[in-house]
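Have a look at the structure below, then the notes.
All of the numbers you see were taken from the coordinates with simple rules; none came from a lab. Every value quoted in this text rests on a predicted model; they were computed, and no experiment measured them. Backbone-built Cβ (ideal geometry, glycine too); neighbour counts: all protein chains shown.
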Amino acid sequence: MSRRLPNFVALLVLVCASANAASLDAEMKTVETLRGLTFERPVVQRTITRKELPQVLRAQMEKSLPYSPDDYALVLRALQLVDNGSSDLVGSMLDLYQSQVLAFYDPLTHTYFAIDQLPTAAAGMLDGEVMRESVAIHELTHALQDQRFHLGARDLELQKDTDASLALHALMEGEATLVMIDYVLDRAGQKMDDMLANPEAMSMLTSAIGTSDKTIDPGTPKYFAESLKFPYAEGLKLVIEGYRRGGWKMIDRMDTNPPRSTREILHPAEYFDRLARTAAAPTAFDDRSRLPGALTVEHLGEFHWRFLVGDAGAGWIDDRVTVTQNLQCDPTVLVDTHWENADRARAFRDAYATFLGGRGLDALLTLDGTRVRAAYGADAKLMESFIR
């Protein structure tokens, strides 16, 4: 019954720009030229003020969640993605997006939202007109993805799968960022292919994106910052690899058959190997639970486990994480994971036990070959039943 931890289409300050109510026709033609695809219809545009932005972002968040913002905060805390000392998580997340975003494309309503003023963090960073055009190119690439590859429909299909949803957004953000880079270089009289062939230039680019959190308030929970950066930084690496393998035609293939997990984003060779072998549709993640008091069933993926336990999250194969709550809304978390081999499973079990203990949680953990289960929380009876 859940929309997994939400992934918003928001733009990092590095690629932000101002926007106004002017026609998008010129930018749309530029995207068509760069990308080699045509739009199927005009893009609806709505301009809002920065004062209106908090309300718009909150509405975007609420329509993408199957539960209340308070329950969303409970899930984040229960999964230990944020610590219990973090207050007003929803407000903190919205503050982060407000400080970073200047325009965004909403695939659910097929609308390009422009904001009338630069965020404070971006003021004075780049020429305003260059920024306006750059962000329009980036966001209109999302509109093109939506029209030609049904981004909005795909996003809805993956509402029950956090991991696959984040992987999809990584592909989409990586592609939009590469199109924008192509545009900026073309304006400067340079060729993107030359940059991609230059290791020093590529190192500078990936380093710049990797350190983009310097514009983020240090008080922002780390999970929000890292999950915002991941689609841009890791998605761009995947798309660059795809472009090197076959240009924009290869990106077309990737859009038709997107990565299925953050593992495929973090290990591109696995993704391209699968892409070469099959185009079969993946089995949808089943988020149903028969447990009483089940709030959500999550599919977290390698990104989230690496976030929690570092390198011990490597070797992930699959997981199913259930969060229940009692009448007092106290959570119990049931974790079922599968790993490449027994050594990987053991390394994860040990690291996760240490992590949970460091959070003051008295967890039960079992290791059975390549399978690791864990349980912690308020319902001791449920925990013991799950672990047996």
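Computed quantities for the displayed model
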quantity	calculated
Burial order of peptide ranges 309-315, 197-203 (average beta-carbon count within 10 Å, highest first)	309-315, 197-203
Positive-end residue of 135, 105, 376, charge dipole of the chain with Cβ unit charges	376
Globularity ratio of region 294-387, using Cα Rg and 2.2 N^0.38 Å	1.02
Qualifying trypsin sites (Lys or Arg not before Pro) for region 160-265 [loop in DSSP, other Cβ within 10 Å: at most 16]	191
Calculated SAXS-style log₁₀ I(q)/I(0) at q = 0.09, 0.11, 0.13 Å⁻¹ - the chain, Debye, Cα scatterers	-0.53, -0.80, -1.10
Only Lys, Arg (+1) and Asp, Glu (-1) charged, at Cβ; region 315-378 dipole about Cα centre in debye	40 debye
Helix-only mean residue ellipticity at 222 nm for the chain, each DSSP H run of n ≥ 4 adding -39500 (n - 2.57), per residue, nearest 500	-16500 deg cm²/dmol
Residues whose placed amide H lies under 5 Å from that of residue 160, excluding near-sequence neighbours	4
Cleavage-rule hits, trypsin sites (Lys or Arg not before Pro), region 31-103, DSSP coil, Cβ neighbours within 10 Å at most 16	50, 51
Mean Kyte hydropathy of 0.0 or more with a Cα span along the axis of at least 30 Å, helices from DSSP in the chain	162-187
5 angstrom amide H check on residue 50, placed H, neighbours 5+ away	116, 117
Cβ-placed point charges (K, R +1; D, E -1), dipole of the chain about Cα centre in debye, nearest 20	540 debye
Normalised contact order of the chain, rounded percent, pairs of Cα under 8 Å and 6 or more residues apart	16 percent
